[in-house]
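First comes the structure, then the notes that go with it.
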């Protein structure tokens with residue numbers, strides 16, 4: 001059956017098919033065009049665009065840390081001439097344009113370098129006529145990375161805040177600007193980085209503000225003349241920072257000193273003054289509502305010399321508060337002009353809480369105790385008014401030997417008096 005069908009096939013029938021005739025004609029035309037074009041000696045000039053330039057530094061230049069910062073991303077136009085069919089098929093990947101005389105690059109500078117073109121593809125039956133531009137400027141430098149502190153140049157002089165309905169006194173505080181990053185890192189050509197004198201964020205805020213101000217600001221590089229540096233060769237990180245200015249209620253808070261080991265009978269409230277007596281604090285309403293006073297670190301009478309009547313204490317605020325008054329320390333003045341001090345020598349030292357079955361002997365024969373109090377009392381003090389004891393309750397069970405222990409001073413017989421400085425007694429403990 002198959003043999004019969006082949007015998008009945010006639011070539012003339014194919015030419016009766018219009019689709020076959022069209023395909024056959026197209027193939028035949030292509031064949032003749034290629035045949036004639038390949039035999040043609042016609043010369044043609046063609047322009048090839050977007051040919052990248054290669055800048056190859058010498059090994060010594062690279063060893064010295066030099067690198068190309070401008071000129072290695074340039075693309076040029078190359079004119080070529082040759083067989084019309086050949087040059088018509090050349091594209092920018094078949095050519096390589098290279099900068100010449102790169103061996104002259106030995107230090108950071110901008111160099112004018114000529115260009116030459118190389119054939120990199122399989123097609124070679126053509127010549128390079130011209131390169132445009134034929135000379136390029138190449139900037140070479142060492143890389144430098146430097147960190148700068150970001151300065152805040154935020155002008156808020158024209159901002160107005162809500163006022164009290166009662167006495168038109170401002171009830172709110174415009175806090176200082178806070179930025180999300182305090183430092184910026186700049187990387188780029190060494191000579192360009194050296195031109196940076198400072199880094200800042202800038203903004204000018206005006207009008208009435210009643211809520212916290214938040215903005216994203218550009219990081220600006222400034223030269224020594226204060227002009228903004230705009231250089232695409234510099235990599236700035238971060239390029240933007242977030243700036244926030246809080247608008248907070250404020251409150252007057254009293255400053256209150258504290259005292260430890262105040263002598264019996266002493267009215268301490270009458271003997272001190274503190275400056276400042278209050279400061280202005282800003283914070284959220286919830287925080288301010290919880291603050292009635294700011295308490296200073298306690299003054300311990302056990303270390304208070306009556307001749308030193310000026311005591312400086314740091315002012316510590318709760319987290320989230322701002323000290324608008326900018327007073328970081330308070331000075332406590334003690335009115336002790338009617339007080340004086342004396343040294344009492346005590347030789348009768350009592351030992352208490354001696355462990356059962358042990359004997360304790362005081363090796364220290366006497367102590368010189370500094371006692372302060374009203375002048376009329378101090379002038380009459382004797383060693384009988386000062387009791388010294390050593391408590392052995394802290395001694396480990398079974399301990400034998402000598403040990404230095406703190407002395408406890410009892411001035412209960414002397415009103416408004418106290419002892420200052422620390423004292424120790426050496427005790428010998430033995431098993432009976």
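The values are calculated or read from the model by the stated rules, or taken from the named source; none is laboratory data. Remember, it's a predicted structure, so these values are computed and weren't measured experimentally. Cβ coordinates were reconstructed from backbone atoms using ideal geometry, including for glycine residues, and neighbour counts include every protein chain displayed.
Does residue 93 meet the test of being surrounded by fewer than 13 Cβ atoms within 10 Å (Cβ to Cβ) and in contact with a helix residue (DSSP H, G or I) (Cβ under 9 Å, 6 or more places away or on another chain)?
no
Just checking, does segment 10-18 include any residue being at pLDDT 60 or above, surrounded by 10 or more Cβ atoms within 10 Å (Cβ to Cβ) and under 30 Å from residue 89 (Cβ atoms)?
Checked against the condition, which is being at pLDDT 60 or above, surrounded by 10 or more Cβ atoms within 10 Å (Cβ to Cβ) and under 30 Å from residue 89 (Cβ atoms), segment 10-18 yields no hits at all.
Across segment 388-398, what is the number of residues that are touching a residue at least 40 places away in the same chain (Cβ under 8 Å) and surrounded by 11 or more Cβ atoms within 10 Å (Cβ to Cβ)?
Count: 5.
Counting only residues that are under 22 Å from the mean Cα position of the chain (by Cα) and either at pLDDT below 95 or farther than 27 Å from residue 157 by Cβ (or both), which one in segment 216-244 is surrounded by the most Cβ atoms within 10 Å (Cβ to Cβ)?
236
With the condition kept exactly as written, say whether any residue in segment 154-165 is in contact with a helix residue (DSSP H, G or I) (Cβ under 8 Å, 6 or more places away or on another chain), crowded, with 16+ Cβ neighbours inside 10 Å and either modelled with pLDDT of 95 or more or closer than 25 Å to residue 62 by Cβ (or both).
Within segment 154-165 (the criterion being in contact with a helix residue (DSSP H, G or I) (Cβ under 8 Å, 6 or more places away or on another chain), crowded, with 16+ Cβ neighbours inside 10 Å and either modelled with pLDDT of 95 or more or closer than 25 Å to residue 62 by Cβ (or both)), the answer is no, since none of the residues qualifies.
Keeping to segment 329-344, report how many residues are closer than 29 Å to residue 317 by Cβ and in contact (Cβ under 8 Å) with a residue 40 or more places away in the chain.
6
Say we look at segment 50-61 and pick out the residues that are buried (at least 17 other Cβ atoms within 10 Å of the Cβ) and within 18 Å of residue 143 (Cβ to Cβ); which of these is nearest to the chain's Cα centre (by Cα)?
Here is the first cut: in segment 50-61, the residues buried (at least 17 other Cβ atoms within 10 Å of the Cβ) are 51, 53, 55, 57, 61.
Still in the running and within 18 Å of residue 143 (Cβ to Cβ): 55, 57, 61.
Numbers: 55: 38, 57: 37, 61: 35 Å.
Filtering first and then ranking leaves 61.
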